[in-house]
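Undergrad: Encoded as structure tokens, here's the structure I'll be asking about.
The values are calculated or read from the model by the stated rules, or taken from the named source; none is laboratory data. Since this is a predicted model, take the numbers as computed values, not measurements. Cβ atoms come from the backbone with ideal geometry, glycine included; neighbour counts cover every protein chain shown. Side chains are part of the model used for accessible areas, which takes the heavy atoms of the whole protein and leaves out ligands, DNA and RNA. Shrake-Rupley method; radii C 1.70, N 1.55, O 1.52, S 1.80 Å.
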Amino acid sequence: VGLHNCGFWRPKSLLDTARFTLSFNSRHRKNHQDSRALWKHETVQKYLETLSKEYQQVSHLLNADSINDFEQRTLRRRCADLSPIAAAFQEIKEAEREVQELEAMCRELDSRDEKQLLELALEEKETLDKKINMLCRKLFQLLVPKEKYDGSHVILEVTAGRTTGGDICQQFTKEMFEMYQNYADYKCWTFDIVNYTPAEIGGLHHAAAHISGDDVYRHLKYEGGTHRVQRIPETGLSSRMQRIHTGTMSVIVLPQPEEVDVKVDPKDLRIDTFRAKGAGGQHVNKTDSAVRIVHLPTGLAVECQQERSQQMNKEIALRTLRAKLYQQIIEKQLSQEQSARKLQLGTRAQSERIRTYNFTQDRVTDHRISYDARNIKEILSGKEALDKLINRLLEFAEIEAVTEYLENLRALEGGGC
């Protein structure tokens, strides 16, 4: 709820109209590089002060005898929304006061006898700075509402692009698929391969996996898009001449809620069976266990060849098809909401390059947030380095959401009653 001059309370969810794009202009990139920088912004301070005062008003009104049951329920909901925000706001303020006191004390500790005390004060200040950074991130996570599909499982697909001069696309696609498989293991998720089509020279044409666990879509939703690789091939003339080749591969991330209620008419399906390809034991190339399902009204096609049983492959393929049809519903909803989330490329803008992996310079660049990370091998290992990059994207998304909301706040509140 929000307190208005009209004399009554009106429901109003936190940041309910916020939409983020991560298309920062130069001013945003300069001033809002992280949560701590955004926290210091005057507009943010004023807004949080307003929320803190509103929390005090709501708490006071809850103790009044004049409100009816409906008003009390409404106030309690708002109090529950504001309480963690007000608490984090005050905690950061208190930590900043402690930092100021330490800085004042440090300026007075100049003599040699007080050197040890100065070192202790500086260590405590460093600890407080880390605490403030953590609290700022937590505060903006509270302000930004959790997206509808953030807790969903996902279908992740990788597809090799085309390039001249070799198989670097297929090799890179295999490395990327293994990276996400390792990342799932790092995050304690379940990674079930649905489809795997290897290339002739050890690479990968296409693969898909169902990933389940806690907040999978939240962490992977910004991986969708075109990933570019720049490297010197390991074999051939280009390798001897040290010529750098450029290739691409694409990633699609589809949220898959636990219950995907999409009705599929069997009459709308064409189901083909064929022999599986690649590693998989004696049944490969001997039984028609692989399944391809085409949804005739939309032209969507899915394949599954991972199981020995044709029936199991059919069930998995149908589940994947429902997920893709459900994704079309999601896309329509997002379009109706006029969402401009350019960062979530998914199936909306696969032609847009989101990240470059430059092997010769040992550098990974995420073009959406102008962020460079070193040590490609660490990132492709799918562990801490990749998690750090993904969390950087999430933080920028949160910052953009808060920034955009505050920019529109005056216009939103200008509507009056």
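Undergrad: In whole percent, how big is the carbon plus sulfur part of the accessible area of segment 35-143, probe 1.4 Å, protein atoms only?
TA: Carbon-and-sulfur percentage of accessible area, whole number: 48.
Undergrad: For T50 and Q116, FRET efficiency with R0 = 51 Å and r from the beta-carbon atoms, rounded to 0.05?
TA: That pair, Q116 with T50, gives E of 0.70.
Undergrad: Cα extents of segment 35-143 along the three principal axes, largest first, in whole Å?
TA: 66, 27, 20
Undergrad: If each of S309 and T246 carries a label point 7 Å out from its Cα toward its Cβ, how far apart are those two points in nm?
TA: 4.8
Undergrad: Show the residues, 5+ positions off or on another chain, whose built amide H is closer than 5 Å to the amide H of V194.
TA: Answer set, sorted by chain and number: A208, A209, H210.
Undergrad: Using a probe radius of 1.4 Å on heavy atoms only, what accessible surface per residue do you get for segment 147-229? Whole Å² is fine.
TA: 37
Undergrad: In the neighborhood of V253, defined by Cβ-to-Cβ distances under 10 Å, what is the net charge if each Lys or Arg adds +1 and each Asp or Glu adds -1?
TA: -1
Undergrad: Related question: In whole Hz and in residue order, list the ³J(HN,Hα) couplings for segment 36-49 that follow from phi through the Karplus curve 6.51 cos²θ - 1.76 cosθ + 1.60, θ = phi - 60°; x for Gly and Pro.
TA: Once rounded to whole Hz, the list reads 5, 5, 5, 4, 6, 5, 4, 5, 5, 4, 5, 5, 5, 4.
Undergrad: Work out how much length K146 to M105 would gain on full extension: take 0.36 nm times their residue separation and subtract the Cα-Cα distance, in nm to one decimal.
TA: Fully extending the segment from K146 to M105 adds 10.6 nm.
Undergrad: Here are some pairs, K138/K383; K146/K383; K40/K388; K263/K314; K46/K138; K46/K93; which of them have Cα atoms lying more than 21 Å apart in this structure?
TA: K138/K383; K146/K383; K40/K388
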